[in-house]
Amino acid sequence: MEAISFTAVGLGLIVLGAGIGIGKIGQAALEAMSRQPEMSSKIQTVMIVAAALIEGVSLFAIVVAWLVD
């Protein structure tokens, strides 16, 4: 296999992992908001910060994958 295909597989895994992580955060936040609607603004703020951290890590991983190739 060529090196480009390994990079493509790595990038795909990065995107897949980030998507699953953000999806789990959204699911947990919606469940928490349905149980305690009065806390929804605080839950939403924490959810957005966590999703941004996951997205930032995945962007760094993409850059590293491109640089290693």
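Summarise the accessible area of segment 22-69 (1.4 Å probe, protein heavy atoms) by the percent that is carbon and sulfur.
Ligands and nucleic acids excluded, carbon and sulfur reach 71 percent.
Given q = 0.14, 0.27 Å⁻¹, what are the Debye log10 I(q)/I(0) values for the chain, with equal point scatterers placed on the Cα positions and solvent ignored?
-0.52, -1.08
With a cap of 14 neighbouring Cβ atoms within 10 Å, and only residues DSSP puts in a loop, list the GluC sites (Glu not before Pro) found in segment 25-69.
Of the GluC sites (Glu not before Pro), not one in the loops of segment 25-69 has a Cβ with at most 14 other Cβ atoms within 10 Å.
Full-extension gain between Glu31 and Leu16, please, as 0.36 nm times their residue separation minus the C-alpha to C-alpha distance.
This chain segment gains 3.1 nm when fully extended.
Which whole-number value in Å² is the accessible area per residue of the chain, probe 1.4 Å?
Dividing the accessible area of the chain by its residue count gives 75 Å².
The values are calculated or read from the model by the stated rules, or taken from the named source; none is laboratory data. This one's a predicted model, so the numbers in the text were calculated from it and none came from an experiment. With ideal geometry, Cβ positions are generated from the backbone for all residues, glycine too; neighbour counts draw on all protein chains shown. Remember, those area values only see protein heavy atoms, side chains included, never the ligands or the DNA or RNA. Shrake-Rupley method; radii C 1.70, N 1.55, O 1.52, S 1.80 Å.
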